[in-house]
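Here's the structure we're looking at; comments come further down.
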Amino acid sequence: MNERTNRPMDKFLVAAALALAVATPAAAAAATVTNRDDTAHTLIVTEGGQQVELSIGPGESIEICPTGCFVTMPNGDREVLTGTERLEIEASRGKIF
């Protein structure tokens, strides 16, 4: 073994760094919505018991639902998002990737 990594202080620092890495939450992800249509659409997003209407313009992309939500699409379809999906709107329909 390397003499340097065998010292008690080095072992403590490695253990502390590992504990910090495990305890630190990862960056929050969010679902990405892209409107591929030539017209704006409105999504109804229900998150944490709150309902919000979000307008998304033609060609625009937005991020929503970092902790998960229900989304009502422009055509009335309803989807559950966990916050990691890519949602594309085309012909007023949502498609999840």
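Derivation of every value follows stated rules applied to the coordinates shown; laboratory data play no part. What you see is a predicted model; the values in this text were computed from it and never measured. Every residue, glycine as well, gets a Cβ built from its backbone with ideal geometry; the counts of neighbours run over all protein chains shown.
The residue of region 63-77 that is farthest from the chain's Cα centre (by Cα), among those that are of a type in the set (S, T, N, Q) and closer than 16 Å to G49 by Cβ, is T72.
Just to be sure, is T32 surrounded by 12 or more Cβ atoms within 10 Å (Cβ to Cβ), under 16 Å from K95 (Cα atoms), under 17 Å from the mean Cα position of the chain (by Cα) and not aromatic (F, W, Y)? The answer is yes for T32. Taken over region 38-77, the criterion of being on the phi > 0 side of the Ramachandran plot and surrounded by fewer than 12 Cβ atoms within 10 Å (Cβ to Cβ) is satisfied by G48, G49, G59, G76. Being within 15 Å of the chain's Cα centre (by Cα), of a type in the set (A, V, I, L, M) and surrounded by 16 or more Cβ atoms within 10 Å (Cβ to Cβ) is a property that does not hold for V80.
So, of the residues in region 83-97 that are closer than 12 Å to A31 by Cα and aliphatic (A, V, I, L, M), which turns out to be surrounded by the most Cβ atoms within 10 Å (Cβ to Cβ)? Filtering first and then ranking leaves L87.
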